[in-house]
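J.: Below is one structure. I have some questions about it.
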Amino acid sequence: VQLQASGGGLVQAGGSLRISCEASGSLFSVSSMNWYRQIPGKQRELVAGISSSGSTNYAASVKGRFIISRENTKKTVYLQMNNLKPEDTAVYHCNMNGRLRGQWDYWGQGTQVTVSS
């Protein structure tokens, strides 16, 4: 399984950006998908998650600004980020995990999001 994240970049505060993560293999539709972010020197933080059934959860710091969604036919999870703030600057990583006759937990490489003030 490989997770390929894309869509990061530089954006001004108040702007929007959508990042994507495409998975390979056959586990996507039965997996929970999550976006984490990491700032140098700080612990990795769960930003948003979406279950295989579509239930979502968000960190308090992004609730109301970020939207996570998934498209099973494309094996892709998205994170729409609106009203971005400089403190959202981080490397964003996607994670795929689940349990079905065994457990799995995969990570993709990160994509850099930089928000300028």
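The values are calculated or read from the model by the stated rules, or taken from the named source; none is laboratory data. Given the structure is predicted, the values throughout are model-derived calculations rather than measurements. So basically every Cβ, Gly included, is an ideal-geometry build from the backbone, and we count neighbours across all protein chains shown. With ligands, DNA and RNA removed, areas are computed over all heavy atoms of the protein, side chains included. Shrake-Rupley method; radii C 1.70, N 1.55, O 1.52, S 1.80 Å.
J.: Given q = 0.09 Å⁻¹, what are the Debye log10 I(q)/I(0) values for the chain, with equal point scatterers placed on the Cα positions and solvent ignored?
T.: Rounded to two decimals, the profile gives -0.22.
J.: Sum up the charges of everything whose Cβ sits under 15 Å from the Cβ of Ala59, counting Lys and Arg as +1 and Asp and Glu as -1, but leave Ala59 out.
T.: Combined, the nearby Lys, Arg, Asp and Glu give +3.
J.: How far is it, in nm, from the label point at Ser116 to the one at Thr56 when both lie 7 Å from their Cα along the line to the Cβ?
T.: 2.9 nm
J.: Still on this model: In debye to the nearest 20, how big a dipole does the chain give about its Cα centre with +1 on each Lys and Arg Cβ and -1 on each Asp and Glu Cβ?
T.: 160 debye
J.: Could you give me the ³J(HN,Hα) list for the range 108-117, computed from phi with Karplus coefficients 6.51, -1.76, 1.60 and θ = phi - 60°, whole Hz, x at Gly and Pro?
T.: Coupling constants for the range 108-117: x, 6, x, 10, 7, 10, 10, 10, 8, 8 Hz.
J.: Then there's this: Compute the accessible area per residue over the chain, keeping the other protein chains in place, probe 1.4 Å, unit Å².
T.: Details: 6290 Å² over 117 residues.
Normalised by residue count, the accessible surface of the chain is 54 Å².
J.: For the modelled label position 7 Å from the Cα of Gln12 along Cα-to-Cβ, which residues of the range 76-117 have backbone nitrogen atoms closer than 15 Å?
T.: 83-86, 115-117
J.: Further question on the same structure: Quick one: pull the percent of accessible area on the chain belonging to carbon and sulfur, 1.4 Å probe, ligands and nucleic acids left out.
T.: 46 percent
J.: Identify, among Val77, Tyr92, Ile67, the residue whose Cα sits farthest towards the positive end of the charge dipole of the range 52-100, taking +1 on the Cβ of Lys and Arg and -1 on the Cβ of Asp and Glu, with the dipole about the Cα centre.
T.: So the residue furthest toward the plus end is Val77.
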